[in-house]
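This report refers to the structure that appears directly beneath it.
The values are calculated or read from the model by the stated rules, or taken from the named source; none is laboratory data. Keep in mind that what you see is a predicted model, and the values were worked out from it rather than measured. Cβ sites come from the backbone with ideal geometry, for glycine too, and all protein chains shown count toward neighbours.
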Amino acid sequence: MTKGALLVLNSGSSSVKFTIFQVGSKAQDQVSPLFAGQLTGIGTDANLKAKTSEGKLITNESWADKDRGSVPAILPHLLEWIETNLPADLPLKAAGHRVVHGGETYDKPVLVQGDVFKKLADLSPLAPLHQPQNLAAIEALANSRPELPQVACFDTAFHQTQPPLSTTYAIPKRYTDEGVRRYGFHGLSYEYIAHNLRENKPDLAKGRVVVAHLGNGASLTALDNGVSVETSMGFSALDGVPMGTRPGSLDAGILIHLMRTYDMDADDLEKLLYHQCGLLGVSNISNDMRELEENSDPNAQLAVDLFSIKVAKQIASLAITLGGIDGLIFTAGIGEHGPIIRKKICDYLAWIGFELDVAANDANEELISTESSIPVYIIPTDEELMIARHTVNVLSA
Ligand code: ADP
C-alpha cells in the first residue's frame, strides 16, 4: 500500500470505536497507530472522545447536534472529523472492520466487494445483535466513500481450524449441518496473541497454550502450536464462562423453564441473557469487576468467586483438549489489570502446577509466575492492530 491512513472501525448499536493507523511508510505490512477514539451514546447523548497513540486527549465533545439517532447516520460526520484531523500527507486509503461473524465461509479477512456483503448479511441470524450493526457501518461508509476499499475481519475466522470434536454440539445432525455448531469469538484477539507469542516467545508458541481473554466479554482458547483447537464461546457469544452481563454456559432446561413459567419469548430471553446475567445478575450490583472486588456485599464476592472458578475450570478443560499445558496467557481488561482474579484462578489450578509470583502479579508484570510454575504471562491484546495488519495484507495481495 502507498503511504496514507487506515481507519479501523468496531461498530455497535449505539457506539463506534475507531483507530487511525499510518500505513505504507516503511515495510509493506507495517502499520502504526496515530489516534483512536470512540463515539458513544448515539441516539441518546452522542459524545466523541479521541486520544493520540501516546494517550494525549485530542477531544471530548458533545455531538448532540450531529446525532441523527443511529450509527450509519452519524458515520459521515465521524469520517469528516477524522479527515480534518489527519495530516495532509496521510490521505485516508482504506477501512478495516471488526465483523463478528464469518460463518463457515470465511476463515480469513475479505475485501468487501461483489456478493461479499450479501453473504455477510445472510449470516445475521447467527449474530443478530452484532452482525447487522457491523454491516450497517460498512454500508454507510460505502455510501459516503464508494471508492474507499473496505475489509471485513471476523471474530470467528481464527477458530475455523478447530476439529469437529471441538465444534460439534450433541444435537441432531441436521441442525449441525445447517450451521448450529460452535464457532467461537474474540478470534482477532487470539490471533494477535498467537502472533505475539511467535515473535517474542517462539518456544512457548510451539507448545500447548491456554489464552484467557477476560474482559467485559470473556472467553478462553486452547492454542496448539499457535492454532486454535478449542474455545469456550460457542454458537453464540453467550457460551463459556460468566461475563459482565452474560451467564456463560447454562443448563438449556432453564430456558424451557423460563419460557413456560414466566411466559418469556425469544426477545425476552435475548435481553435477559445478553444484558442481565453474569456478574451483574449474580451480584445485583454491577457488571464491572473492579467495583465488585471493592464491594464487601456477599453477592458481589459470590460473583467474583464464581467468575474465577468457572475460568479455572475452563482452563483445566482446555488443557484436556491440548493433552497438557505449557503456558497460560491472561489478556483483556480483567486479564491485564486484575491481580485479584488472576490469583484466585491460579490458586484453583495449583494442583496442575500453577503458582503466581505475588509481587509480579500485583505489579501486572509480563511474567507473573514463580520459577517452578508452569509459566503465566500477561500479554495486552490489540485487536485493532490485528485488523489494520489484515487490511493492509488483503489490499496488498
Ligand atoms: P470489553 O470486553 O468491553 O473490551 P475490557 O477488556 O475493557 O472490556 O474489560 C473490562 C473489564 O475489565 C471490567 O469488568 C473492568 O472492571 C475490568 N478491569 C479493568 N481494570 C481492572 C482492574 N484493575 N482490576 C480488576 N478488573 C479490572
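Answer yes or no: is there a residue in the stretch 374-389 that is closer than 21 Å to Gly207 by Cα, modelled with pLDDT of 95 or more, away from the ligand (no atom under 16 Å from the Cβ) and of a type in the set (Lys, Arg).
Quick first cut of the stretch 374-389, residues closer than 21 Å to Gly207 by Cα only: 374-381.
Checking which are modelled with pLDDT of 95 or more leaves us with 374-381.
Restricting the remaining residues to those that are away from the ligand (no atom under 16 Å from the Cβ) gives 374-377.
Still in the list and also of a type in the set (Lys, Arg): none.
The answer is no; no qualifying residue exists.
Restricting the stretch 288-334 to residues that are small (Gly, Ala, Ser) and in contact with a strand residue (DSSP E or B) (Cβ under 8 Å, 6 or more places away or on another chain), which is nearest to the ligand (Cβ to nearest atom)? Step through it out loud before you land on a result.
Just the residues of the stretch 288-334 that are small (Gly, Ala, Ser), to begin with: 296, 300, 303, 308, 312, 316-317, 319, 323-324, 327, 332-333.
Add one more test, that the residue is in contact with a strand residue (DSSP E or B) (Cβ under 8 Å, 6 or more places away or on another chain), and what stays is 319, 323-324, 327, 332-333.
Values: Ala319: 24, Gly323: 30, Gly324: 28, Gly327: 21, Ala332: 4, Gly333: 2 Å.
Here the residue is Gly333.
Quick check on this structure: which one of Glu83, Glu147 is farther than 17 Å from Leu395 by Cβ and of a type outside the set (Val, Ile, Thr)?
Working: Glu147 fails: farther than 17 Å from Leu395 by Cβ.
Being farther than 17 Å from Leu395 by Cβ and of a type outside the set (Val, Ile, Thr) holds for just one of Glu83, Glu147, which is Glu83.
Can you tell me which condition Ile285 does not meet? The list is (1) assigned to a loop (DSSP other than H, G, I, E, B); (2) within 30 Å of Thr167 (Cβ to Cβ), and all the others hold.
Among (1) assigned to a loop (DSSP other than H, G, I, E, B); (2) within 30 Å of Thr167 (Cβ to Cβ), Ile285 violates only (2).
Inside the stretch 216-256, can you point out the residues that are acidic (Asp, Glu), part of a loop (DSSP other than H, G, I, E, B) and buried (at least 18 other Cβ atoms within 10 Å of the Cβ)?
Initial filter on the stretch 216-256 (acidic (Asp, Glu)): 224, 230, 239, 251.
Filter once more, so that each one left must be part of a loop (DSSP other than H, G, I, E, B): 239, 251.
Once the filter is applied, which keeps residues that are acidic (Asp, Glu), part of a loop (DSSP other than H, G, I, E, B) and buried (at least 18 other Cβ atoms within 10 Å of the Cβ), the stretch 216-256 yields only Asp239.
Just the residues that are closer than 21 Å to Cys346 by Cα and basic (Lys, Arg), please, taken from the stretch 205-249.
Arg208
Output the residue which, of all residues in the stretch 354-377 that are among the β-branched types (Val, Ile, Thr) and surrounded by fewer than 21 Cβ atoms within 10 Å (Cβ to Cβ), is farthest from Ile340 (Cα to Cα).
In the first step, residues of the stretch 354-377 are kept if they are among the β-branched types (Val, Ile, Thr); the result is 358, 368, 370, 374, 376.
Next, from what is left, pick out any that are surrounded by fewer than 21 Cβ atoms within 10 Å (Cβ to Cβ): 358, 370, 374.
Working: Val358: 10, Thr370: 17, Ile374: 19 Å.
Checking each candidate, the answer is Ile374.
Would you check which residues across the stretch 165-200 are among the aromatic types (Phe, Trp, Tyr), in contact (Cβ under 8 Å) with a residue 60 or more places away in the chain and within 30 Å of Ile379 (Cα to Cα) and list them? Talk me through it step by step, then tell me what you get.
Within the stretch 165-200, the subset among the aromatic types (Phe, Trp, Tyr) is 169, 175, 183, 185, 190, 192.
Now restrict to residues that are in contact (Cβ under 8 Å) with a residue 60 or more places away in the chain: 169, 183, 185, 192.
Result: Tyr183, Phe185, Tyr192.
Picking from Leu318, Leu306, which residue would you name as being surrounded by 21 or more Cβ atoms within 10 Å (Cβ to Cβ) and within 30 Å of Pro163 (Cα to Cα)? Lay out the reasoning, then the answer.
Working: Leu306 fails: surrounded by 21 or more Cβ atoms within 10 Å (Cβ to Cβ).
The match here is Leu318.
Mind listing just one residue for me: the one in the stretch 261-287 that is of a type in the set (D, E, K, R) and in contact with a helix residue (DSSP H, G or I) (Cβ under 9 Å, 6 or more places away or on another chain) and, of those, farthest from the ligand (Cβ to nearest atom)? It would help to see each step written out before you state the result.
Of the residues in the stretch 261-287, the ones of a type in the set (D, E, K, R) are 263, 265, 267-268, 270-271.
Remaining after also requiring in contact with a helix residue (DSSP H, G or I) (Cβ under 9 Å, 6 or more places away or on another chain): 265, 268.
Working: Asp265: 28, Asp268: 24 Å.
Only one residue tops the list, namely Asp265.
Taking helices (runs of 4 or more DSSP H) that fall entirely within the stretch 129-215, which contain at least 2 residues that are of a type in the set (Phe, Trp, Tyr)?
Per the criteria, 187-200.
When you scan the stretch 71-82, do you find a residue that is surrounded by fewer than 14 Cβ atoms within 10 Å (Cβ to Cβ), charged (D, E, K, R) and under 20 Å from Leu39 (Cα atoms), even just one? Full working, then the answer.
Initial filter on the stretch 71-82 (surrounded by fewer than 14 Cβ atoms within 10 Å (Cβ to Cβ)): 80.
Keeping just the survivors that are charged (D, E, K, R) gives 80.
The next check asks that each one be under 20 Å from Leu39 (Cα atoms); those that pass are 80.
Checked against the condition, which is being surrounded by fewer than 14 Cβ atoms within 10 Å (Cβ to Cβ), charged (D, E, K, R) and under 20 Å from Leu39 (Cα atoms), the stretch 71-82 yields at least one hit.
If you go through the stretch 140-162, how many residues are of a type in the set (D, E, K, R) and surrounded by 15 or more Cβ atoms within 10 Å (Cβ to Cβ)? Explain how you work it out, then say what you get.
We begin by selecting, within the stretch 140-162, every residue of a type in the set (D, E, K, R); these are 145, 147, 155.
Narrowing further to those that are surrounded by 15 or more Cβ atoms within 10 Å (Cβ to Cβ): 145, 155.
Number satisfying all stated conditions: 2.
Any idea which of Ala300, Ala332 is modelled with pLDDT of 95 or more, closer than 22 Å to Asp239 by Cβ and surrounded by 15 or more Cβ atoms within 10 Å (Cβ to Cβ)? Even if it seems obvious, please write down each step before you answer.
Numbers: Ala300 fails: closer than 22 Å to Asp239 by Cβ.
The conditions single out Ala332.
Could you list, in sequence order, all residues of the stretch 302-356 that are closer than 18 Å to Ser249 by Cα and acidic (Asp, Glu)?
Asp305
Considering only the stretch 335-369, state which residues are in contact with a Cys (Cβ under 6 Å, 6 or more places away or on another chain) and within 16 Å of the ligand (Cβ to nearest atom). So that I can check it myself, show each step before the final result.
The first filter runs over the stretch 335-369 and keeps only residues in contact with a Cys (Cβ under 6 Å, 6 or more places away or on another chain), leaving 354, 356.
Of everything in the stretch 335-369, just one residue is in contact with a Cys (Cβ under 6 Å, 6 or more places away or on another chain) and within 16 Å of the ligand (Cβ to nearest atom), namely Leu356.
Tell me yes or no: at least one residue of the stretch 170-186 is touching a helix residue (DSSP H, G or I) at 6+ places or on another chain (Cβ under 6 Å) and surrounded by fewer than 18 Cβ atoms within 10 Å (Cβ to Cβ). Reasoning before the result, please.
Taking the stretch 170-186 first, the residues touching a helix residue (DSSP H, G or I) at 6+ places or on another chain (Cβ under 6 Å) are 181-182, 184.
Right, trim to surrounded by fewer than 18 Cβ atoms within 10 Å (Cβ to Cβ) and you get none.
Checked the stretch 170-186: no residue is touching a helix residue (DSSP H, G or I) at 6+ places or on another chain (Cβ under 6 Å) and surrounded by fewer than 18 Cβ atoms within 10 Å (Cβ to Cβ).
Does the stretch 225-234 contain at least one residue that is in contact (Cβ under 8 Å) with a residue 60 or more places away in the chain, farther than 20 Å from Glu104 by Cβ and more than 15 Å from the ligand (Cβ to nearest atom)?
Initially, the stretch 225-234 is screened for residues in contact (Cβ under 8 Å) with a residue 60 or more places away in the chain, giving 227-232, 234.
Filter once more, keeping what is farther than 20 Å from Glu104 by Cβ: none.
No, the stretch 225-234 contains no residue that is in contact (Cβ under 8 Å) with a residue 60 or more places away in the chain, farther than 20 Å from Glu104 by Cβ and more than 15 Å from the ligand (Cβ to nearest atom).
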